[in-house]
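What follows is calculated from the coordinates using simple rules that are stated; it is not laboratory data. Given the structure is predicted, the values throughout are model-derived calculations rather than measurements. Cβ coordinates were reconstructed from backbone atoms using ideal geometry, including for glycine residues, and neighbour counts include every protein chain displayed.
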Amino acid sequence: MKFLVTVKRVTDYEAKIKLKADKSGIVTDGVNMIMNPFDEIGVEEALRQREKHGGEVVIVSIGTSDSTDKIRSALAMGADRGILVKHDGPLDSFAVARVLAKIVDKEKPDVVLMGKQAIDDDSNQAAQMLAELLGWGQATFANIVTLEGGRATVVREADGGLETVSTTLPAVVTTDLRLNEPRYAALPGIMKAKKKPLEEVEIGSLGVDIAAKVKTIAYEEPPAKKAGQKVADVASLVTRLKTEAKVI
Amino acid sequence: MATHLIVVEHTGGKLVKATLSAVAAAQKVGGDIHALVLGNGAADVAKEVAPYAGKVHFGEAAGDRLAQPWAKCVADVAKSLGATHVWAAATGAGKDLMPRVAARLDAGMASDVSAVLDDKTFKRPMWAGNIIGTVEITTTIKVVTTRPTEFAVPAPGAAGEIGAVAVDPGTSKMTWVKFDAVVSDRPALSDARVIVSGGRGVKGPEGFKTVVEPLADVLGAAIGASRAVCDAGWVPNDWQVGQTGKVVAPELYVAVGISGAIQHVAGMKGSKCIVAINKEPEAPIFQVADYGLVADLFKAAPELTVALKAAKG
Ligand SMILES: Cc1cc2nc3c(=O)[nH]c(=O)nc-3n(C[C@H](O)[C@H](O)[C@H](O)COP(=O)(O)OP(=O)(O)OC[C@H]3O[C@@H](n4cnc5c(N)ncnc54)[C@H](O)[C@@H]3O)c2cc1C
Ligand SMILES: Nc1ncnc2c1ncn2[C@@H]1O[C@H](COP(=O)(O)O)[C@@H](O)[C@H]1O
């Protein structure tokens, strides 16, 4: 079985995100960059499924050559090879989906594993859009993935409980936080990753329209919350809630 | 003039209230408002929606709520109406469905918007709410999901016209298998006036039973949780509040043993009044709390429960 796993390079979730002085975007100088945590879960899931079903795990990332080290991290975890689609500049989720559709045409995976959302733009769109462009079934926010009999049966995190859906393969699956716990790459893995194939493709060579359908035209910081107060004990808390906040 | 199509969410034969945030957002743009109810029981739900839309269309033939067939139904109806905007609430269901609708309509989509500036420009949180972006959709048709906590429920008006619409789910690759609901007689997180949330400080499922639940009981509150405790399996995943969980904005939010990571805060900082109980004076949760109590939660929370009971008489 062939797995295609998408990996986006994003700001570290622990980093302090600050606006540039001219408000044209966020400060990235000196900010640590990581593999989108949901994508890391996707890599882990593909590796576990490969252990069960055999096959190949291919990593794809769209970005500048800086994204290479995130692909290498996935290879160090155990993925087989990588593809970097070279692009510099913003790209909306729809454009990401259109580029990925081209890669899928070439690679013909059985399962595309993606993160449910990129933790920078928080869009939560690219995977569902890709599934629609391909005419495939989708299972978003996966909690358990079972591949059997040419189908993916997925327990997914839904509002109010766990929903199970099933779709024929090929399919697009997005990961939720509790699907698995990604492994750490061990030193031998890291050494091996350096020799694994990593193909670079210029985005322009794919013949895909990447014009933005959605543009971020301004950035701002949310209004600061006015500082709260510490209360000495439970009794004064109750009094404040009653007389000041009037919520009880 | 704009023509809006609101995709109505429903569960157990009832309208999901978050849908009304999409109505409120569409009203900000102005124009005709159509609503579309799909799936089993759609005709009944249509009646519930009628006071909020000029026209309500229901299509029971869409079948089970699945992204692939429903995206086709929504896109078909949007096209036949000449819709300029297709809206839904940014719930789990809306997030699953709407990007597919956008792709099918070749439309740009803005997710989880918190404000409507004009017919094509919206504000939305990014980077876990650290940044608010202003986005412009450049396509003729615009697909938008709305953050339920950011739009007040619109006042009901005269009941709109209700009519059946022919929908064709097409050939889908997907089948629905089952739903395992979290059973609870507490209010739903998204509708609750008061929420008590527990974090890793609660120490385990026992702590939720003995400390968080009694406090929630006396407040008539829903229970929420941090990611850490959902991951640990102490409580259902559905209780997770935050960037990648639910976004809530109750009148009162009590955070018990939660450190206040930005990913958690992203989901609750819109609450009107925030109380935090944490033994660590430097915990970041105190930066967003209106009232902070530095204390051992195993002592303070039960004390608070007793005091609230007494205050109620
Ligand atoms: C991609 C990604 C997405 C995420 N999404 C979310 C999300 O949606 N929601 C979310 O909540 N998190 C999310 N997180 C996780 C988040 O970063 C934090 O790890 C998490 O919120 C921490 O949970 P916590 O506050 O319960 O635990 P901790 O950070 O361990 O805090 C426990 C707190 O309890 C206090 N405490 C301990 N004992 C006591 C006591 N006896 N009395 C009083 N106080 C006590 C401690 O002082 C501490 O402040 C996400 C992380 C990532 C990487
Ligand atoms: N530049 C990119 N390169 C590779 N994958 C991406 C890229 N952008 C988004 N994705 C994938 O799409 C998922 C959802 O992204 P988004 O729709 O932006 O929230 C992410 O978790 C990634 O798996």
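Assorted remarks:
- Applying a DSSP loop filter and a limit of 16 other Cβ atoms within 10 Å to the trypsin sites (Lys or Arg not before Pro) in segment B:1-110 leaves B:Lys17.
- Gyration tensor (alpha-carbon) shape descriptor, segment A:2-245, a/c threshold 1.5: prolate
- DSSP beta bridges confined to the protein assembly as shown are antiparallel in about 35 percent of cases.
- In straight-distance terms, cross-link reach from B:Lys55 covers every one of the aspartates and glutamates whose alpha-carbon lies under 14 Å from its own, apart from those fewer than eight places away in the same chain; here that gives B:Asp32, B:Glu161.
- Among A:15-21, A:115-121, sorting by the average number of other beta carbon atoms lying within 10 angstrom of each residue, highest first, gives A:115-121, A:15-21.
- Where trypsin sites (Lys or Arg not before Pro) fall in DSSP loop in segment B:274-313, at most 16 other Cβ within 10 Å: B:Lys279
- Around the amide H of B:Ile131, modelled in the peptide plane, lie the amide H atoms of B:Met126, all under 5 Å away and 5 or more residues distant in sequence or on another chain.
- Taking the DSSP beta bridges with both ends in segment A:2-245, the antiparallel portion is around 40 percent.
- Legend: distances between Cα atoms for A:Lys86/B:Lys79; A:Lys192/B:Lys95; B:Lys123/B:Lys246; A:Lys70/B:Lys173; A:Lys86/A:Lys215; pairs beyond 28 Å are A:Lys86/B:Lys79; A:Lys192/B:Lys95; A:Lys70/B:Lys173.
- Contact order for segment B:194-312, expressed relative to its length and based on alpha carbon pairs under 8 Å spaced 6+ residues apart, stands at 25 percent.
- Under 5 Å between amide hydrogens, built in the peptide plane, is the criterion, and for A:Leu169 it picks out A:Arg151, A:Ala152 among residues at least 5 positions away or on other chains.
- Rounded to the nearest Hz, the phi-derived 3J(HN,Hα) couplings of segment B:136-153 under the Karplus curve 6.51 cos²θ - 1.76 cosθ + 1.60 (θ = phi - 60°) are 10, 8, 9, 8, 5, 8, 10, 10, 9, 10, 10, 7, x, 6, 9, 10, 5, 4, where x marks glycine and proline.
- Per residue of peptide B:168-177, the mean number of Cβ atoms on other chains within 10 Å of the residue Cβ is 5.
- The peptide list A:47-60, A:90-103, put in order of mean Cβ contacts within 10 Å with the highest first, becomes A:90-103, A:47-60.
- Dipole of chain A computed with +1 at Lys/Arg Cβ and -1 at Asp/Glu Cβ about the Cα centre; of A:Val234, A:Tyr13, A:Gly30, farthest Cα towards the positive end is A:Val234.
- Ordering B:Trp87, A:Pro223, B:Tyr291 by the projection of their Cα atoms onto the charge dipole of the protein assembly as shown, which places +1 on the Cβ of Lys and Arg and -1 on the Cβ of Asp and Glu, puts B:Tyr291 at the extreme positive end.
- Of all the options B:Met268, B:Met109, B:Met174, the one that moves most in a Gaussian network model of chain B with Cα springs shorter than 10 angstrom is B:Met174.
- Rounded FRET efficiency, nearest 0.05, which uses the C-beta distance separating B:Asp191 from A:Lys18 and R0 of 45 Å: 0.80
- Shielding of A:152-159 by partner chains, average beta-carbon count, 10 Å: 6
- Antiparallel DSSP beta bridges within chain B, percent to nearest 5: 20 percent
- When you count the other C-beta atoms within 10 angstrom of each residue and take the mean per peptide, A:152-160, B:182-190 line up highest first as A:152-160, B:182-190.
- R0 of 60 Å, Cβ-Cβ distance B:Asn40-A:Met191: FRET efficiency to nearest 0.05: 0.60
- Virtual spin-label span in nm between A:Asp69 and A:Glu148, 7 Å along Cα→Cβ: 4.2 nm
- Partner shielding of B:271-281 amounts to 2, given as the average count of beta-carbon atoms from other chains within 10 Å of each residue beta-carbon.
- For chain B, built as a Gaussian network whose Cα springs stay under 10 Å, the top-fluctuating residue of B:Ala155, B:Ala25, B:Ala50: B:Ala155
- Environment charge at B:Ala188 (Cβ cut-off 14 Å; Lys +1, Arg +1, Asp -1, Glu -1): 0
- Once backbone amide H atoms are built at 1.01 Å from N, B:Ala35 has B:Ile6, B:Lys55, B:Val56, B:His57 as its partners under 5 Å, excluding neighbours fewer than 5 places away on the same chain.
- Residue among B:Val167, B:Pro205, B:Ser190 farthest towards the positive dipole end of segment B:166-208, charges placed on Cβ: B:Pro205
- Between segment B:80-99 and segment A:77-112, the alpha-carbon center distance in angstrom: 25 Å
- Gaussian network model of chain B, Cα within-10 Å springs - most flexible of B:Thr146, B:Thr19, B:Thr244: B:Thr244
- 16 Å cut-off, amide nitrogen to a point 7 angstrom out along B:Lys309 Cα→Cβ, residues in segment B:177-218: B:209-218
- Global geometry of chain B, whether rounded, prolate or oblate, following the gyration tensor of its Cα atoms and the 1.5 cut on a/c: prolate
- Per-pair calculated FRET efficiency, R0 = 35 Å: A:Asp29 and A:Asp105 via Cβ, rounded to 0.05: 0.40
- Prolate/oblate/rounded call for the protein assembly as shown, Cα gyration tensor, a/c under 1.5 rounded: oblate
- Coupling constants for segment B:50-60 follow from the phi torsions by the Karplus curve (6.51 cos²θ - 1.76 cosθ + 1.60, θ = phi - 60°), and in residue order they are 3, x, 10, 9, x, 8, 10, 10, 10, x, 6 Hz; glycine and proline get x.
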